[in-house]
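See structure below.
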Amino acid sequence: MRFFRIIKRLSKNRKVRWISLIILLLLLVGFWFSLPEPLFDDPASTVLEDQSGRLLSAKIADDGQWRFPLNPEVPEKFKTCIIAFEDQYFMSHPGVNLGSLLRATVQNIREREVVSGGSTLSMQVIRLSRKGKPRTVGEKLIEMVLALRLELRYSKSEILALYAAYAPFGGNVVGLDAASWRYYGRPPGQLSWAESAMLAVLPNAPSLIYPGKNQQLLLEKRNRLLSVLFEKGVIDEMNYHLSLAESLPDKPASLDQKAPHLLTNLLTYHKGERIKTTLDANLQDEVSSLVDRHQRVLSFNKIYNAAALVVATESGEVRAWVGNAPSAGPEHGEDVDMVTAQRSTGSILKPLLYAAMLDDGLILPNTLIADVPTQIGGFRPLNFDKSYSGAVPAQKALYQSLNVPAVKMLQQYGVARFRNKLREMGMSSLNKSADHYGLSLILGGAEVSMLELATMYSSMSRTLNHFYELSSRYDPADIHAPNFTKEGNNQKVNQHLQKTGSLSAASIWFAFDAMRKVNRPEELSGWESFTSSEKIAWKTGTSFGFRDAWAVGVTRDYVVIVWVGNADGEGRPGLTGVSCAAPLMFDIFNLLPKSEWFDKPYDEWSKAIICRQSGHRAGQFCDETDTLYIPVTGLKSSTCPYHQLVHLDPSGTLQVTDACIDPGEMVHKSWFVLPPVMEWYYRKKNPLYKPLPEFSESCKSTEGSPMEFVYPGPGSRMFIPVNLAGKPEAVIIEIAHSQQNAMVYWHLDDSFLGETTGAHQMEIRPEVGWHTLTIVDNLGNSISKKIEILNSGLASRGN
């Protein structure tokens, strides 16, 4: 029986042990999983930093607290101060310090109130994570258990980082980073010993004392901590006395908002994150000030918005992003980010067309482009000053920003082809068909953002900088939007545009060289006399209705994009790229380091004999030529179409044919001959141009002129007709031409009216007085008539 009792007792003990073991395991499992993950789920402020970590802008967290995202790096001074003040054995205890708890208990019993909690920094992290639970014995035990578990999951450095990120620093300031910026306007790593000590004592009683409230109590607590540091030999006597002399900050200051538009841009995908950008805070400040200063002047003309973008071409990184003038005001759309806004291009795309045509061998730098009155369907482009030059060299058309030659060039290159080229180069906003844009594409018929312009022009600059390495072509991976966030973190925002566009270095160099010749604004007159003036390839643009003013500048190292206008699209007289945007652009370049001009890409150039007058490759009749470098692709361009061999009489003053003179007596001479309409306008601005000599009387045809006026007839007096309502109507002019398909060009005084084929009629609305009608056909024949316009109640066919 005794044996069975022993067996029964042993069995019961084994069962107890198993139960105890299970309970212990459950406790261990509970302990292991007791710590929440994540420990903190508080919303964080969105913080924007420059390339060196300086604060650019920040947006308050959703709960109304300035709480910066967790920073794993705790500055050494603050680390030393907080350990000395809160938990001097922090580096050695396992999360709970029984000695501190015992001492706190004795103090509380002696004082008959809670004067010390005995909590370690680890326990305080737990208390912060549990969102202000009541300070009871039970809660203290929970904090102790969770603190032990905290130490098993996190390193001492990580625990300090958690404390520094979530400790309260008075008011709605949470965390060391936010406190450092709001109280001292600097990152915590740049704080002095006195400043670090002040922030270390602040979380102990943030509702009682903080800068701007109970300053004396705060000062005493800070100085006691400084005394402890001095006694421990952490700081020497000189630093100790200097630290004591430092004053406390006033109430929290507002945080910097140096790049608010970029911050707003990133909020959608990076809310509550710390975003390190490629911006330079100093440059951002200076550019923002310049934009604001220029906008204040422009506001007198009711121009309220301006924006600027600075990109380092080598890296494609944005150095300054000013999305709008800081003082524009909410009523004028100051929150609209004009860097990403789509606006009419004006003339800002002309250099790209010029380069593309050079690249394809369609033109050479000085190829003559027609600059004459033009009407294509219902589209009639006009130059800014509404004048015409007849013909201008292609590069002159670019640097004088002439609209008619640009349209002629686009017509030759092809709208669809140019649209595709722009998309390949990074202008992704061109999402409609070529027919939608038409020839107006080159004059503002499309919309573009400042970022897209920076993509295209910075990629062109990089191609020139590396043309030997890249075989003078864009690498597809090199065509990308500018970066504005640093690589190496998960806030990388830039997306590469994987396109296959290409422009040769040769064509880009000639385009930039032409852009360098643009006349600078009047307020910068005399700049060429200064040898230190930097060479900048630049172009302006003005949209229809004076709604958008653009300026783009390119050097070897930087691209600067400026837009000026009204965010709501209201046009203003005088709102032009050269007068409003260009001065700001040049002021921004004055802030940047000077750049050397681009190296010449000789590997993509070839020498060719060029006709001096036409700019084409010299033909057999070109008598004045120059040997010049041109893009290799230019070797396939056409030869001069304007020089022809003319047969003159022995005096060299009259044209002859073999029908009226012996060929042996003829003088053969090369002559530069433009088509009739081009010649008409070219002669007005080029007095040295020599028109073809007239034919000798003996060689003239007896057929007479192929044109004749139908109306007005022999008389010179014409009356303005009126309708039955008594309102004046147009006068109809009519001529007859012997050749059915002839093209006829109409002019009243010195103004071009239009062109006709087939039936030759033209409406005119002249003022009362004398006028000259001139009609020129496509063969160079012309007739003129002086007419007198009279006011009358009824129309008359003349007298």
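Of GLY377, GLY361, all but one fail to be surrounded by fewer than 23 Cβ atoms within 10 Å (Cβ to Cβ) and either farther than 19 Å from ALA618 by Cα or acidic (Asp, Glu) (or both); the exception is GLY377.
Here ALA167 fulfils each of the conditions (1) of a type in the set (Gly, Ala, Ser); (2) within 21 Å of GLY95 (Cα to Cα); (3) surrounded by fewer than 23 Cβ atoms within 10 Å (Cβ to Cβ) apart from (3). For VAL493, the criteria (1) of a type in the set (A, V, I, L, M, F, W, C); (2) farther than 25 Å from ASP360 by Cα; (3) outside any helix (DSSP H, G or I); (4) at pLDDT 70 or above hold in every case but one, which is (4).
Of the residues LEU248, LEU244, only one is in a loop (DSSP other than H, G, I, E, B) and not basic (Lys, Arg); which?
On the way: LEU244 fails: in a loop (DSSP other than H, G, I, E, B).
Answer to the check: LEU248.
In summary, GLN620 fulfils each of the numbered conditions (1) closer than 30 Å to GLY333 by Cβ; (2) without any contact (Cβ under 8 Å) to a residue 40 or more places away in the chain; (3) of a type in the set (S, T, N, Q) with the single exception of condition (1).
Reported count of residues in region 638-669, each being closer than 24 Å to ALA618 by Cβ and open to solvent by 60 Å² or more (accessible area, probe 1.4 Å), is 8. Report whether or not THR653 is part of a loop (DSSP other than H, G, I, E, B) and touching a helix residue (DSSP H, G or I) at 6+ places or on another chain (Cβ under 7 Å). Considered against the rule, which asks whether it is part of a loop (DSSP other than H, G, I, E, B) and touching a helix residue (DSSP H, G or I) at 6+ places or on another chain (Cβ under 7 Å), THR653 comes out as no. The residue list ALA320, ALA325, ALA308, ALA312 contains one member that is more than 19 Å from GLY553 (Cα to Cα) and either out of contact with any His (no Cβ under 7 Å at 6 or more places or on another chain) or charged (D, E, K, R) (or both), which is ALA325.
Assess whether ALA549 counts as being outside any strand (DSSP E or B), among the hydrophobic types (A, V, I, L, M, F, W, C), open to solvent by less than 10 Å² (accessible area, probe 1.4 Å) and under 30 Å from ASP335 (Cβ atoms). No, not satisfied.
Look through SER614, SER595 and report the one residue that is over 30 Å from ALA325 (Cβ atoms) and part of a loop (DSSP other than H, G, I, E, B). Talk me through it step by step, then tell me what you get.
Numbers: SER595 fails: over 30 Å from ALA325 (Cβ atoms).
The conditions single out SER614.
Every listed requirement among (1) open to solvent by less than 80 Å² (accessible area, probe 1.4 Å); (2) at pLDDT below 90; (3) under 14 Å from LEU141 (Cα atoms) is met by GLN124 save one, (2). Considering region 729-760, and only residues there that are of a type in the set (Gly, Ala, Ser) and not in a loop (DSSP other than H, G, I, E, B), the residue that is least open to solvent (accessible area, probe 1.4 Å) turns out to be GLY754.
In region 609-636, the qualifying residues are those that are surrounded by fewer than 20 Cβ atoms within 10 Å (Cβ to Cβ) and in contact with a helix residue (DSSP H, G or I) (Cβ under 9 Å, 6 or more places away or on another chain), and the one that is nearest to ALA370 (Cα to Cα) is THR633. Selection within region 196-227: residues that are small (Gly, Ala, Ser) and under 21 Å from ALA165 (Cβ atoms). The member of this set that is surrounded by the most Cβ atoms within 10 Å (Cβ to Cβ) is ALA197.
Take the residues in region 296-333 that are of a type in the set (Asp, Glu) and out of contact with any Asp or Glu (no Cβ under 7 Å at 6 or more places or on another chain), then tell me which one is most open to solvent (accessible area, probe 1.4 Å). Residue satisfying both the conditions and the ranking: GLU331. When each of LEU218, LEU208 is tested for being under 27 Å from SER119 (Cα atoms), at pLDDT below 95 and part of a loop (DSSP other than H, G, I, E, B), the lone residue that passes is LEU208. Within region 393-425, track down each residue that is within 18 Å of GLY541 (Cα to Cα) and among the small types (Gly, Ala, Ser). Residues satisfying the conditions are ALA394, ALA397, SER401, ALA406. Being of a type in the set (Phe, Trp, Tyr), at pLDDT below 80, more than 30 Å from ALA320 (Cβ to Cβ) and part of a helix (DSSP H, G or I) holds for only one residue in PHE3, PHE78, and it is PHE3. Selection of region 761-791 for residues being open to solvent by less than 70 Å² (accessible area, probe 1.4 Å) and farther than 26 Å from VAL673 by Cα yields MET762, ILE764, PRO766, GLY769, HIS771, ILE787, GLU788, ILE789, LEU790.
Could you please find all residues in region 183-205 being modelled with pLDDT of 95 or more, assigned to a loop (DSSP other than H, G, I, E, B) and more than 25 Å from THR120 (Cβ to Cβ)? If the condition is that a residue be modelled with pLDDT of 95 or more, assigned to a loop (DSSP other than H, G, I, E, B) and more than 25 Å from THR120 (Cβ to Cβ), then SER192 is the only one that fits. Hey, could you check region 228-241 for residues that are surrounded by 14 or more Cβ atoms within 10 Å (Cβ to Cβ) and in a helix (DSSP H, G or I) and say which is nearest to the chain's Cα centre (by Cα)? Step by step, filter region 228-241, then rank; the result is ASN239. Residue count for region 567-588 satisfying the condition of being crowded, with 21+ Cβ neighbours inside 10 Å and polar (S, T, N, Q): 1. For region 672-691, which positions are touching a Phe, Trp or Tyr at 6+ places or on another chain (Cβ under 8 Å) and either in a strand (DSSP E or B) or surrounded by 15 or more Cβ atoms within 10 Å (Cβ to Cβ) (or both)? Correct list: PHE672, VAL673, LEU674, PRO676, VAL677, GLU679, TRP680, TYR681, TYR682, ARG683, TYR689.
The values are calculated or read from the model by the stated rules, or taken from the named source; none is laboratory data. No experiment lies behind these values; they were computed from the predicted model shown. With ideal geometry, Cβ positions are generated from the backbone for all residues, glycine too; neighbour counts draw on all protein chains shown. Note: accessible area is taken over every heavy atom of the protein model, side chains too, but ligands, DNA and RNA are not part of it. Shrake-Rupley method; radii C 1.70, N 1.55, O 1.52, S 1.80 Å.
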